[in-house]
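Colleague: One structure, as structure tokens, below. Some questions next.
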Amino acid sequence: MITGELKNKIDQLWEMLWTEGNANPLTNIEQLTYLLFMKDLDKAELHREGDAEFLGIPYEGIFPKDKPEYRWSTFKNMGDAQEVYRLMSQEIFPFIKSLSGDTDDTAFSRYMRDAIFQINKPATLQKAIAALDELPTDDKDILGDIYEYLLSKLASAGTNGQFRTPRHIIDMMVELMQPTIKDIISKRRVADQYGEYETFSPYDVSWQ
């Protein structure tokens, strides 16, 4: 169960993504999953490299030797948010997508085939990396608790009406329905979305 300081850190991360990034909670969980995978992949790679060095055996790593900046342990310490964003969107994320294992039909390759990097601001990405780096994800039980807590936020987002209807869909619905002062709107959450729409503003709409 997530409590105390850890809960506060996740809440702050979630709020930051919500206000600075994508308003869709599903997308935010997806993007956090990608970043957590990159963090875990680098830690696993460091562990394998350490074992190989201890045993005195060669090890062919996942990451290109001439691209250390692809690794979490490197790019997390880069101070230039614009450069980290460029690397992530143009090089690191495509590289991660290409990790298909022995065949092109692994579960990972099928899942990542249509993956899209959707954190849309360099500063947001840098803050997300810093926040995730502080989370104790080495403990798999805690990592499971973190995901459970994030999923609870997904559930509450639906309950609280935080799945925002795109403006062009709102425009289309209002144009099709052509609401008047005599109409009764039966779902307040839908009406709240329309309450921001100029067509409704002159009317004292009744609630059912």
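The values are calculated or read from the model by the stated rules, or taken from the named source; none is laboratory data. Not measured: the values here are computed from a predicted model. We place every Cβ from the backbone using ideal geometry, glycine too, and count neighbours over all the protein chains shown.
Colleague: Can you confirm whether the range 51-70 contains a residue that is within 18 Å of GLN126 (Cα to Cα), among the charged types (D, E, K, R) and more than 15 Å from the chain's Cα centre (by Cα)? Spell out how you get there, then give the answer.
Modeller: Here is the first cut: in the range 51-70, the ones within 18 Å of GLN126 (Cα to Cα) are 68-70.
After this cut, where a residue has to be among the charged types (D, E, K, R) as well, the list is 69.
Then keep just the ones that are more than 15 Å from the chain's Cα centre (by Cα); that gives 69.
Within the range 51-70, one or more residues are within 18 Å of GLN126 (Cα to Cα), among the charged types (D, E, K, R) and more than 15 Å from the chain's Cα centre (by Cα).
Colleague: Quick test for you: out of LEU6, LEU32, pick the one residue that is buried (at least 16 other Cβ atoms within 10 Å of the Cβ), outside any loop (DSSP other than H, G, I, E, B) and more than 17 Å from the chain's Cα centre (by Cα).
Modeller: Values: LEU32 fails: more than 17 Å from the chain's Cα centre (by Cα).
Being buried (at least 16 other Cβ atoms within 10 Å of the Cβ), outside any loop (DSSP other than H, G, I, E, B) and more than 17 Å from the chain's Cα centre (by Cα) holds for just one of LEU6, LEU32, which is LEU6.
Colleague: Whether any residue in the range 43-66 is without any contact (Cβ under 8 Å) to a residue 40 or more places away in the chain and under 21 Å from PRO25 (Cβ atoms) is what I want to check. Give the steps one after another, and end with the answer.
Modeller: Residues of the range 43-66 without any contact (Cβ under 8 Å) to a residue 40 or more places away in the chain: 44-66.
Now restrict to residues that are under 21 Å from PRO25 (Cβ atoms): none.
No, because not a single residue in the range 43-66 is without any contact (Cβ under 8 Å) to a residue 40 or more places away in the chain and under 21 Å from PRO25 (Cβ atoms).
Colleague: Could you check ALA123 against (1) at pLDDT below 90; (2) within 15 Å of the chain's Cα centre (by Cα); (3) among the hydrophobic types (A, V, I, L, M, F, W, C) and say which number it fails?
Modeller: Checking ALA123 against (1) at pLDDT below 90; (2) within 15 Å of the chain's Cα centre (by Cα); (3) among the hydrophobic types (A, V, I, L, M, F, W, C), the one that fails is (1).
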